[in-house]
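Trainee: Mind looking over this structure? Questions follow.
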């Protein structure tokens with residue numbers, strides 16, 4: 001049986017919609033939006049797991065990411081943020097995931113990475129030994145040559161069931 005202690009979420013297009021129209025920090029964008037199901041799922045998961053953000057945000061460190069999350073009422077669920085601009089490495093680099101695990105104070109087998117990028121989120125995390133869940137709202141099949149997630153969900157609302165299956169699969 002797998003014991004999961006922390007769930008790392010990608011930020012853009014996993015927890016918050018990335019409109020890709022601004023190069024400024026998301027905390028300062030005129031409009032921000034949580035992804036569908038984010039509030040419900042984080043509220044459901046927060047009592048059982050530590051929740052963190054692991055992001056390739058080049059212009060936003062932890063404080064700015066938390067400000068953006070606060071604008072959509074998700075901040076209260078997040079323990080901390082690991083941002084590429086502060087770590088000095090980007091997903092899928094192993095140094096990024098090593099920094100995330102060090103910040104969490106856990107080993108890779110206790111962590112899950114949830115994100116929308118097969119290469120950055122799934123591939124990088126899997127190579128670092130984390131469990132992976134691919135958020136794929138388009139219903140695309142992973143390439144046979146590419147990274148293989150432990151689970152695929154089409155909506156954040158499917159995440160609690162995917163985590164339960166992952167824990168029971170061991």
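Trainee: Residues to consider are 41, 72; find the one that is modelled with pLDDT of 95 or more and under 30 Å from residue 168 (Cβ atoms).
Mentor: Exactly one residue qualifies, and that residue is 41.
Trainee: Count, please, the residues in region 111-139 that happen to be buried (at least 24 other Cβ atoms within 10 Å of the Cβ) and part of a helix (DSSP H, G or I).
Mentor: Result for region 111-139: 4.
Trainee: Then there's this: Find the residue count for region 18-52, including only residues that are in a loop (DSSP other than H, G, I, E, B) and under 13 Å from the mean Cα position of the chain (by Cα). Outline the logic, then answer.
Mentor: The first filter runs over region 18-52 and keeps only residues in a loop (DSSP other than H, G, I, E, B), leaving 18-25, 29-33, 35-37, 46-49.
With the extra rule that they be under 13 Å from the mean Cα position of the chain (by Cα), the set shrinks to 35.
The qualifying residues number 1.
Trainee: Then there's this: Among (1) buried (at least 17 other Cβ atoms within 10 Å of the Cβ); (2) within 26 Å of residue 105 (Cβ to Cβ), there is one condition residue 70 misses while meeting the rest; what is its number?
Mentor: Failed condition: (1).
Trainee: Please verify whether residue 142 is at negative phi, in contact with a strand residue (DSSP E or B) (Cβ under 8 Å, 6 or more places away or on another chain) and either at pLDDT 95 or above or surrounded by 13 or more Cβ atoms within 10 Å (Cβ to Cβ) (or both), treating the condition exactly as stated.
Mentor: Spelling it out, residue 142 is indeed at negative phi, in contact with a strand residue (DSSP E or B) (Cβ under 8 Å, 6 or more places away or on another chain) and either at pLDDT 95 or above or surrounded by 13 or more Cβ atoms within 10 Å (Cβ to Cβ) (or both).
Trainee: Report yes if residue 86 is touching a helix residue (DSSP H, G or I) at 6+ places or on another chain (Cβ under 8 Å), assigned to a loop (DSSP other than H, G, I, E, B) and farther than 23 Å from residue 158 by Cβ, otherwise no.
Mentor: Here the answer is no, as residue 86 does not meet what is asked.
Trainee: Residue by residue through region 85-100, note down the ones that are surrounded by 20 or more Cβ atoms within 10 Å (Cβ to Cβ) and either under 12 Å from the mean Cα position of the chain (by Cα) or in contact (Cβ under 8 Å) with a residue 24 or more places away in the chain (or both).
Mentor: Within region 85-100, 91, 92, 96, 97, 100 qualify.
Trainee: Test residue 80 against the stated conditions and say whether it is farther than 30 Å from residue 145 by Cβ, modelled with pLDDT of 95 or more and either in contact with a strand residue (DSSP E or B) (Cβ under 8 Å, 6 or more places away or on another chain) or surrounded by 21 or more Cβ atoms within 10 Å (Cβ to Cβ) (or both).
Mentor: So residue 80 fits the description; yes.
Trainee: Does residue 103 meet the test of being more than 29 Å from residue 140 (Cβ to Cβ) and assigned to a helix (DSSP H, G or I)? Before you say what the answer is, go through the steps one by one.
Mentor: Numbers: more than 29 Å from residue 140 (Cβ to Cβ): yes; assigned to a helix (DSSP H, G or I): yes.
In short, yes.
Trainee: Check residue 75 against each of (1) free of Cβ contacts under 8 Å to residues at least 12 places away in the same chain; (2) out of contact with any helix residue (DSSP H, G or I) (no Cβ under 7 Å at 6 or more places or on another chain); (3) more than 18 Å from residue 130 (Cα to Cα) and name the one condition it does not meet.
Mentor: The failed condition is (2).
Trainee: Now a separate question. Out of everything in region 12-31 that is crowded, with 20+ Cβ neighbours inside 10 Å and touching a helix residue (DSSP H, G or I) at 6+ places or on another chain (Cβ under 6 Å), what residue ends up being modelled with the highest pLDDT?
Mentor: 15
The values are calculated or read from the model by the stated rules, or taken from the named source; none is laboratory data. All figures in this text were calculated on a predicted structure; none of them were measured in a lab. Neighbour counts are summed over all protein chains in view; Cβ atoms, including those assigned to glycine, are modelled from backbone coordinates with ideal geometry.
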